[in-house]
Amino acid sequence: MSKNGPIALAFHTVFIIFILAPLVIVCLVAFTSKGYLSLPTDGFSLRWFRAILDNPDFIDAFWLSIYLGLASATIALCLSVPASLAVARHRFPGREGLTAFFLSPLMVPHIVLGVSFLRFLTAVGWNGTFVGLVLCHTIIIMPYSLRLVLASVTGMDRSAEMAAVSLGASSWTTFRRITLPLILPGIAGGWVLAFITSFDELTMTIFVASPSTTTLPVRMFQHITETIDPLISSLSAVIIFITVIFMLLLDRLYGLDKILVGQGR
Amino acid sequence: MAEISARRRLLPPYLLSAPALLLYLGLFMAPLAMTLMLSFNSFDFYKGILPGFSFVNYLEVVTDEYFHEVFLRTFGISLAVTVLCALLGTPEAYILHRMRNPWKSLFMLAILGPLLISVVVRTLGWALLIGDSGVLNDALIGAGLIDEPIRLIFTTTGVIIALVHVLIPFMVLSVWASLQKLDPAVEQAGLSLGASQFTVLRRIVVPQVMPGVLSGSLIVFALTASAFATPAILGGRRLKVVATTAYDEYLNTLNWPLGAAIAVLLLIANVIIIATYNKVIEKKYAQAFQ
């Protein structure tokens with residue numbers, strides 16, 4: 001394979017700078033010692049990171065987002081595993097349609113889901129509740145977890161399962177001792193991706209979040225539309241840091257490119 | 001084998017998929033149906049939502065110039081973002097494809113990683129960069145290149161730049177996936193037969209990655225058309241797109257039926273784009289890739 005020429009490498013450098021510049025700027029501004037937006041020209045300061053701790057509404061929103069992500073990712077996984085086994089292992093009428101249906105929330109813009117969930121939750125009287133938020137997030141993240149679990153179920157070698165069954169193991173034992181450990185990477189990858197998707201979701205959540213159930217992205221959005229200050233930068237820097245850890249975890253578990261191919265469809 | 005399938009029949013597929021199916025029917029199909037119904041209701045400023053069946057909201061969207069402007073602007077932004085992503089993302093994917101590890105994986109991580117970082121955070125980065133007293137303007141003024149700050153924030157250009165940044169990883173990923181199927185021997189054959197590097201690119205590489213470019217374009221277009229956070233933050237109060245307009249109708253004007261009609265139109269547009277695209281791809285590439 002021939003090497004990239006100087007023009008290609010120059011283009012590549014500019015491209016990478018374009019991709020990383022906004023994120024680097026956010027992290028740099030977070031370390032400013034001034035009371036206004038500026039680059040940390042006279043030394044790094046942690047004052048704006050300490051300021052996060054003085055804002056309990058951000059802290060509350062952060063924990064709500066964490067609990068929301070944990071709950072909805074776990075529910076989505078518990079539903080994805082049996083659904084994947086059904087569509088990957090069985091031939092039955094409506095199988096293809098069912099798979100397409102399970103992935104279909106990807107085709108619906110989040111703004112449309114937001115207005116629909118608001119209408120629905122208001123009608124059943126769940127608007128502004130944590131349970132309502134969890135269920136809505138479960139719908140949004142199901143396709144992501146389902147796709148990863150489905151991929152690992154489809155690609156699994158079934159000879160160990162057959163051996164277990166022929167040695168007299170029950171279906172449940174076979175599932176628990178053989179199938180589950182074998183598809184665990186897919187489950188773990190699906191869970192992490194589902195958690196991040198829930199943790200980042202803004203457009204749908206902004207419709208169904210109430211003042212008592214405000215997630216971190218919603219709280220940050222509200223803050224940014226009023227004022228942009230170093231506080232929001234330091235908070236964003238913390239989020240970038242947490243996301244990078246999850247990203248490396250996902251990359252190790254599964255390979256980032258494999259997880260993201262076809263996303264958004 | 002027979003024994004396994006006998007055992008498997010104890011857990012029929014319908015039973016296994018029932019929990020997910022019930023959740024979808026109750027919390028996905030029902031809300032969408034309710035929104036569709038809501039869009040046919042009407043709204044009164046004093047009495048709120050009035051039941052009944054009419055096309056009054058759709059009529060308003062179709063006849064009102066304000067909505068024409070919003071839909072046209074959204075379409076224009078989506079088109080610009082898609083073209084820019086294709087023009088910039090395709091060469092980048094090709095460059096990545098020709099790199100060796102560890103550089104390849106490292107840069108792949110750098111390009112795809114931002115997809116996992118909240119859109120709010122990424123947009124904030126652009127607000128800090130392109131604001132009137134942002135880093136870019138400060139640097140340009142400091143270098144003496146310009147006297148007045150360039151106005152990018154709250155302009156269509158600013159929104160387009162930030163959306164390209166938010167969505168270009170999808171394009172790189174999509175083109176990269178189709179490059180994986182490229183046989184390097186064909187490229188080498190072209191070169192050894194005396195074709196220039198440019199001819200090889202034009203005649204061999206580009207035709208083969210076109211499906212990747214097209215599917216990337218589809219993803220980028222659909223996601224731009226329904227983008228909310230970036231236009232809301234960088235577009236300010238005046239530069240409305242479809243998503244921010246629906247948001248305003250819902251949470252500021254409280255005209256839910258009108259907001260629902262806008263949402264339904266956005267959903268229909270989305271579905272039409274995806275369906276047309278699938279047809280075109282099938283027709284165009286059905287014979288070529290068998």
Boolean, residue A:106 is in a helix (DSSP H, G or I) and more than 7 Å from chain B (Cβ to nearest Cβ):
yes
Select from the stretch B:54-75 the residues that are among the hydroxyl-bearing types (Ser, Thr, Tyr), surrounded by 12 or more Cβ atoms within 10 Å (Cβ to Cβ) and over 24 Å from the mean Cα position of the chain (by Cα) and list them in ascending order.
B:54, B:58
If a residue counts only when it is touching a Cys at 6+ places or on another chain (Cβ under 6 Å) and either of a type in the set (Lys, Arg) or surrounded by fewer than 18 Cβ atoms within 10 Å (Cβ to Cβ) (or both), which helices (runs of 4 or more DSSP H) contained entirely in the stretch A:151-236 have at least 3 such residues?
none
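For every residue, the table says whether it meets (1) at pLDDT below 95; (2) within 11 Å of chain A (Cβ to nearest Cβ).
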{"site": "B:136", "(1), (2)": "yes, yes"}
{"site": "B:141", "(1), (2)": "yes, no"}
{"site": "B:161", "(1), (2)": "no, yes"}
{"site": "B:165", "(1), (2)": "no, yes"}
{"site": "B:179", "(1), (2)": "yes, no"}
Would a scan of the stretch A:125-133 turn up a residue that is hydrophobic (A, V, I, L, M, F, W, C) and outside any helix (DSSP H, G or I)?
yes
Inside the stretch A:193-235, can you point out the residues that are under 16 Å from the mean Cα position of the chain (by Cα) and at the interface with chain B (Cβ under 10 Å from one of its Cβ atoms)?
A:193, A:196, A:197, A:199, A:200, A:201, A:202, A:203, A:204, A:216, A:217, A:218
Has the stretch A:35-50 got at least one residue that is touching a residue at least 60 places away in the same chain (Cβ under 8 Å), surrounded by 15 or more Cβ atoms within 10 Å (Cβ to Cβ), in a helix (DSSP H, G or I) and on the phi < 0 side of the Ramachandran plot?
yes
Filtered residue count, the stretch A:247-262, keeping only those that are within 7 Å of another protein chain (Cβ to nearest Cβ) and either in contact with a His (Cβ under 9 Å, 6 or more places away or on another chain) or not β-branched (Val, Ile, Thr) (or both):
5
Every residue from the stretch A:56-93 that is surrounded by fewer than 15 Cβ atoms within 10 Å (Cβ to Cβ), at the interface with another protein chain (Cβ under 9 Å from one of its Cβ atoms) and farther than 19 Å from residue A:131 by Cα:
A:91, A:92
Apart from one, (1) over 30 Å from residue A:105 (Cα atoms); (2) more than 8 Å from every other protein chain (Cβ to nearest Cβ); (3) out of contact with any Gly (no Cβ under 6 Å at 6 or more places or on another chain) all hold for residue B:184; the odd one out is (2)
In the set A:208, A:244, A:218, the lone residue that is at pLDDT 90 or above and farther than 23 Å from residue B:244 by Cα is A:244
State whether the residues of the stretch B:122-132 include one that is more than 13 Å from chain A (Cβ to nearest Cβ), under 18 Å from residue A:22 (Cα atoms) and part of a loop (DSSP other than H, G, I, E, B).
no
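The values are calculated or read from the model by the stated rules, or taken from the named source; none is laboratory data. All figures in this text were calculated on a predicted structure; none of them were measured in a lab. Please note: Cβ atoms are built from the backbone with ideal geometry, for glycine as well, and neighbour counts cover all protein chains shown.
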